[in-house]
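One structure is given below, encoded as structure tokens.
The values are calculated or read from the model by the stated rules, or taken from the named source; none is laboratory data. Since the model is a prediction, treat every value here as computed from it, not as a measurement.
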Amino acid sequence: MKTILKLTPVIAVVGLLAACGTTMEQRAATGAIGGAVAGQAIGGDTGATVAGAAIGAVAGAATTPQRPR
């Protein structure tokens, strides 16, 4: 249960930052950076940082940027 409570803010932050960029590569990079920071803040070790970066990169690459209307 504690893990779920710790991951909730990470998922929210990654979701907000993942779509920053116009290309898939930019969004993946932004998501990886945000995920790495959040993983380090929550886990405090290298494994958590790498996992956060991987999750952020996947989330960033999977998002679609919003087009202005």
Condition met for Ala51 (assigned to a helix (DSSP H, G or I), modelled with pLDDT of 85 or more and hydrophobic (A, V, I, L, M, F, W, C)):
yes
Matching residues in segment 12-37 - criterion: being at pLDDT 70 or above and within 8 Å of the chain's Cα centre (by Cα):
Thr30, Gly31, Ala32, Ile33, Gly34, Gly35, Ala36
